[in-house]
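Quick notes on the structure that follows.
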Amino acid sequence: MLLRDVALARIREAIISGDLEPGSVVKDAELATRLGLSVAPVRAALARLADEGLVEAKPQSHTRVTPLRVREVRDAAVVVRAMHELATREAVPLTTADDVAAMRAANERFAAALAAGDADAALAADDDLHAVLLARCGNGALTATVARLTPAVRRLERQRFATAHGRESIVLHDRLIDACTRSDVGAAVAATTEIWTALLSELEGHSDEPD
């Protein structure tokens, strides 16, 4: 991996996990020392994270972790839901037995991670499950959009997977996988919609972080 990609992955993980709290000021030199990297890849990573909406820069002032703004998270989540619905619609007719097996294995890891209270492992398993359909649909523009917008909703997803609410996703995943097994496009899209609508419903109980 390129150093900027290493920096990107590690800083993104720190933001999503809450190690870098919403609203906290980040300094490229301090982050570089913390990560054991030079400043250049850290600056490149922060520029990418700004595009993803996880950090924001104030000219002549500072760079900080973006506060958790419910409206912005909702806007991103609605678009991500639509992209996953489209990916499902295009991918299900092409889904193979190996795809289904990979999704079942990912959901088993997801369930085990939730049972262990490991939100980070749950996020990784959830990514693996949905990545099967994203890859199978073969739409580069779609997957690029998902990759760019998903980090904006990750902090909320992690909170969800750290609570009992996340266990509802196990059942919804099973419904999606069963629909893929039957090549039932309508049922698969409906399950995908419900998965993301459940996440959106979590926003109703959240308020914006103070700027």
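Skipping prolines and chain starts, which residues have an amide H placed within reach, meaning under 5 Å, of the one on Val55, given they are 5 or more residues away or on another chain? Distant-sequence amide H within range of Val55: Ala50, Thr66.
Across the stretch 89-102, coupling constants 3J(HN,Hα) worked out from phi with the 6.51/-1.76/1.60 Karplus curve, θ = phi - 60°, read 4, 7, 7, 4, x, 9, 5, 9, 4, 5, 4, 4, 4, 5 Hz, and Gly and Pro carry x.
The modelled label-to-label distance for the pair Arg148/Arg167, using points 7 Å beyond Cα in the direction of Cβ, is 3.9 nm. For the pair Thr181 and Glu72, the difference between a 0.36 nm per residue extended length and the Cα-Cα distance amounts to 35.7 nm.
Taking a ≥ b ≥ c as the square roots of the eigenvalues of the Cα gyration tensor of the stretch 108-183, is the shape rounded (a/c under 1.5), prolate (a/b larger than b/c) or oblate? Here the stretch 108-183 falls in the oblate category. Across the chain, the mean sequence separation of Cα contacts (distance under 8 Å, 6 or more residues apart), normalised by length, yields a relative contact order of 26 percent.
Average accessible surface for the stretch 76-183: 43 Å² per residue, computed with a 1.4 Å probe over protein heavy atoms with every protein chain in place.
Rounded to the nearest Hz, the phi-derived 3J(HN,Hα) couplings of the stretch 179-194 under the Karplus curve 6.51 cos²θ - 1.76 cosθ + 1.60 (θ = phi - 60°) are 5, 5, 4, 8, 6, 8, 4, x, 5, 5, 5, 4, 5, 4, 4, 5, where x marks glycine and proline. Once C-alpha pairs closer than 8 Å and six or more residues apart are averaged by separation and normalised to the residue number of the stretch 80-200, the relative contact order reads 40 percent. Rounded, prolate or oblate, given the Cα gyration tensor of the stretch 1-58, with a/c below 1.5 counting as rounded? The shape class here is rounded.
About the Cα centre of the chain, how large is the charge dipole given +1 on each Lys and Arg Cβ and -1 on each Asp and Glu Cβ? Please answer in debye to the nearest 20.
460
Note on Ala124 and Ala97: their simple-model spin labels are 2.9 nm apart, each label 7 Å out from Cα toward Cβ. Reported to the nearest whole Å, the Cα centre-to-centre distance from the stretch 138-203 to the stretch 122-136 is 9.
Peptide packing for 41-49, 96-104 was compared via the average number of neighbouring C-beta atoms within 10 Å per residue; ordered from the highest value, the list is 41-49, 96-104. Under the simplified labelling scheme, the His62-Asp5 pair shows an inter-label distance of 3.3 nm, with each label point 7 Å from Cα along Cα→Cβ. For the peptides 20-29, 129-138, the ranking by packing is 129-138, 20-29, with the highest mean count of neighbouring Cβ atoms within 10 Å listed first. For Glu21 and Ala198, what does the FRET efficiency come to when R0 = 22 Å and r is the distance between their Cβ atoms, rounded to the nearest 0.05? Working from the Cβ atoms, E equals 0.30.
The values are calculated or read from the model by the stated rules, or taken from the named source; none is laboratory data. Since this is a predicted model, take the numbers as computed values, not measurements. Ideal geometry is used to build each Cβ from the backbone, glycine not excepted, and the neighbour counts take in all protein chains shown. Ligands, DNA and RNA are stripped out before the accessible areas are found, and what is left, the full protein with its side chains, is counted by its heavy atoms. Shrake-Rupley method; radii C 1.70, N 1.55, O 1.52, S 1.80 Å.
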